[in-house]
Amino acid sequence: MATDLSSPTLLLSRNNTSAPRFHQTRNSLSLYRTTYPLSNSRTAIPRLRLLCRTSGTHSTSVSDVEFAAEVGQHRLSKEISPSSSPSLSLSRFQSLLCLFPLPQFLVQVPVANIRNFCIIAHIDHGKSTLADKLLQMTGTVQQREMKDQFLDSMDLERERGITIKLQAARMRYVYENEPYCLNLIDTPGHVDFSYEVSRSLAACEGALLVVDASQGVEAQTLANVYLALENNLEIIPVLNKIDLPGAEPDRVIHEIEEVIGLDCSNAIRCSAKEGIGITDILNAIVKRIPSPCDTAKLPLRALIFDSYYDPYRGVIVYFRVIDGSIKRGDRIYFMASKKDYFADEIGVLSPNQLQVEELYSGEVGYLSASIRSVADARVGGTVTHYNRRAENSLPGYKEATPMVFCGLFPVDADQFPELRDALEKLQLNDAALKFEPETSSAMGFGFRCGFLGLLHMEIVQERLEREYNLSLITTAPSVVYRVNCVNGDTVECSNPSLLPEPGKRLSIEEPFVKIEMLTPKDYIGPLMELAQDRRGDFKEMKFITENRASITYELPLAEMVGDFFDQLKSRSKGYASMEYTFVGYKESDLIKLDIQINGDPVEPLATIVHKDKAYAVGRALTQKLKELIPRQMFKVPIQACIGSKVIASESLPAIRKDVLAKCYGGDITRKKKLLKKQRLC
């Protein structure tokens, strides 16, 4: 129990170098005034340094940075000092400081002092490291809790070293003696998770464009910038990793200006790992990113940008308040699902969940309302008050278009209900995932799932197996084809077994993508050869700089679904990058390739291929199946067929008695005689 704060043991001083000595009492506490600059401005921030003595001889010092870290864990922040409230006396302030936790002192930050921004970059350009350093510098995360990739909460993200899910965090920063609330959203960098990036951008007014000072502009850098420009965001260029020996910031600045067209005269040079330039970034966020509009008096409209399922609390919704305000206990209405609930808990992410009483327009937070049905709170939906509903819902997000499809089947057929529930809960957290039931004669009941890419497919499978303890069988990835029938109908087909008979179809169209490859000039030839081998149609090649070129092709998505990205990295020794966009469907000379084992067709092994590649694919499939299928007591033919025509064949020999076991010597004619006798039997 602390002693009376108004006793003579309390010393107030302007000295910020050494703490005053304590009187030898059993419990004592001392405060003194200090100054600590939290920005590059000349204004020093008056602070209170708290010194506590427990029952012993050792004293504990809580420094200004630690004090700011404790305060920075809450969304509502102004200067914690008696000067921030003239009516609050020093003794009263000191008494309350000990009797009540710090969040009781924190008051609402005005909307003009709120900044919502996200970090966008190509994969492995240092987004997560920069986010960690921002959390550290603003005192949002205490030093003892800090770890690398702090916002990457999944083990899968840490193992692979990539960001899979967007993560939100609220930070506190004081600039020129004014408190600011900075809402950060860290985004993925891989092209397969671009839907996560687009949702993040819709909830922000600005973006930090992070570019590696040694690698320069990459393909996903361009894609993310274009997404940000579509959302009319203020973009702040940041050159990261300037401490590397191979860093060339001047060259990269020239690249950004030439390729993207951004003015980089005030680009920030930093090193997130070494902590260089972090304060400049925070100051630029405050000065250059606009504040959200103050629409607190309008009816509530909040945009759901993410959500997940908690087994104890139900669906947890992450939202950005666009108009109005929301309080704990309010009756809320989801305009998309037409369901209403009571907001049992609302709060902010700092980056852990902290409960608050009310959120206003421009703020980002979460709510829990005991929502048990995962379909009631979908991403992109609008939340409003039940009694004072908004007239129109927010535009939401553009629906994600799956690019790659595959079948997911449980190894144990009894796990089918668990797989369905797991997919529904995962879809809540990953809005780009699509699925529908599917039945296979070989594997039973399962689901046909749509993904944005191969990595997305891999991540979803891993998450299902890890988070929901499922054992799954995954079929080969495929794409959606359009079949023009003789009767004039158009059928979309993602499963080769559903393809209409040859007599009923007029033509088959396949999806094409526009792919842009950024590469050093030394690897232009191998990459063009790769694209030509995959039936690519050359569109454009231009030199971004003297040593880097951009190559544009249009090629079938089915050709890119396989090992295209692996080949791209292999042929360019890891220096090339790629980004692709869907352009539409084009008619192609496609056929259905069937696999027959012992004369019976196996539908799950059927595939749709281009006519020119049918033989190579058929030969590869039959040879692989010959290695995998166990031998039987009889000969098993394995055939690849187009209709009734066999184009490739392998045979699995029957298991026979070893009649040559007793022939340890002698003439070869003896062995031939025994083998001939065995064949005739």
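The values are calculated or read from the model by the stated rules, or taken from the named source; none is laboratory data. All values derive from a computational prediction rather than experimental measurement. Because the Cβ atoms are built from the backbone with ideal geometry, glycine has one as well, and the counts that use them run over all protein chains shown. Surface accessibility is based on the protein's heavy atoms, side chains included, excluding ligands, DNA and RNA. Shrake-Rupley method; radii C 1.70, N 1.55, O 1.52, S 1.80 Å.
Values for this structure:
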item: Segment 213-236 - residue that is among the charged types (D, E, K, R) and at pLDDT below 90 and, of those, nearest to R301 (Cα to Cα); result: E230
item: Segment 644-681, residues that are of a type outside the set (A, V, I, L, M, F, W, C), open to solvent by less than 60 Å² (accessible area, probe 1.4 Å) and modelled with pLDDT of 85 or more; result: S649, E650, S651
item: Pick from segment 297-328, criterion of a type in the set (V, I, T) and closer than 16 Å to I371 by Cβ, ranking: surrounded by the most Cβ atoms within 10 Å (Cβ to Cβ); result: V317
item: Count - residues of segment 527-569 that are open to solvent by 20 Å² or more (accessible area, probe 1.4 Å) and not in a helix (DSSP H, G or I); result: 17
item: Elements of type strands (runs of 3 or more DSSP E) contained in segment 570-679, each with 2 or more residues being free of Cβ contacts under 8 Å to residues at least 40 places away in the same chain; result: 645-652
item: Residues satisfying the stated conditions in segment 363-405, i.e. in contact with a Pro (Cβ under 7 Å, 6 or more places away or on another chain) and at pLDDT 85 or above; result: T384, H385, R388, R389, A390
item: Sole exception among (1) open to solvent by less than 30 Å² (accessible area, probe 1.4 Å); (2) assigned to a loop (DSSP other than H, G, I, E, B); (3) within 26 Å of A549 (Cα to Cα) for G246, by number; result: (1)
item: The lone exception for P502 - which of (1) under 19 Å from L557 (Cα atoms); (2) open to solvent by 30 Å² or more (accessible area, probe 1.4 Å); (3) assigned to a loop (DSSP other than H, G, I, E, B) it fails; result: (1)
item: Hits in segment 346-363 (condition: open to solvent by 30 Å² or more (accessible area, probe 1.4 Å) and not aliphatic (A, V, I, L, M)); result: N352, Q353, Q355, E357, E358, Y360
item: Filter result (closer than 18 Å to V315 by Cα and touching a helix residue (DSSP H, G or I) at 6+ places or on another chain (Cβ under 6 Å)) within segment 388-429; result: A422
item: Residue check, R288 touching a residue at least 24 places away in the same chain (Cβ under 8 Å), open to solvent by 50 Å² or more (accessible area, probe 1.4 Å) and either within 30 Å of R251 (Cβ to Cβ) or in contact with a Pro (Cβ under 7 Å, 6 or more places away or on another chain) (or both); result: yes
item: Failed item in (1) of a type in the set (A, V, I, L, M, F, W, C); (2) under 30 Å from S507 (Cβ atoms); (3) open to solvent by 100 Å² or more (accessible area, probe 1.4 Å), with F634 passing the rest; result: (2)
item: Criterion (hydrophobic (A, V, I, L, M, F, W, C), touching a Ser or Thr at 6+ places or on another chain (Cβ under 8 Å), modelled with pLDDT of 90 or more and farther than 29 Å from E399 by Cα) met by exactly one of M528, M541; result: M541
item: Output for segment 119-143, where each listed residue is more than 16 Å from A284 (Cβ to Cβ), touching a residue at least 60 places away in the same chain (Cβ under 8 Å), of a type in the set (S, T, Y) and surrounded by 23 or more Cβ atoms within 10 Å (Cβ to Cβ); result: T140
item: Matching option when the condition is free of Cβ contacts under 8 Å to residues at least 12 places away in the same chain and out of contact with any helix residue (DSSP H, G or I) (no Cβ under 8 Å at 6 or more places or on another chain), among G488, G450; result: G488
item: Conditions (1) at pLDDT below 85; (2) open to solvent by 10 Å² or more (accessible area, probe 1.4 Å): number failed by E178; result: (1)
item: Residue identified as among the small types (G, A, S), touching a residue at least 12 places away in the same chain (Cβ under 8 Å), more than 30 Å from R331 (Cα to Cα) and in contact with a Gly (Cβ under 6 Å, 6 or more places away or on another chain) among A267, A228, A272, A247; result: A272
item: All positions within segment 463-483 that are surrounded by 15 or more Cβ atoms within 10 Å (Cβ to Cβ) and farther than 19 Å from R420 by Cβ; result: P477, S478, V479, V480, Y481, R482, V483
item: Set G126, G139: member being out of contact with any Ser or Thr (no Cβ under 9 Å at 6 or more places or on another chain) and modelled with pLDDT of 75 or more; result: G139
item: Lone unmet requirement of (1) outside any loop (DSSP other than H, G, I, E, B); (2) among the small types (G, A, S); (3) within 30 Å of D330 (Cα to Cα) for A296; result: (1)
item: Any hit, segment 444-458, residues being modelled with pLDDT under 90, over 23 Å from G562 (Cα atoms), out of contact with any His (no Cβ under 7 Å at 6 or more places or on another chain) and assigned to a loop (DSSP other than H, G, I, E, B); result: no
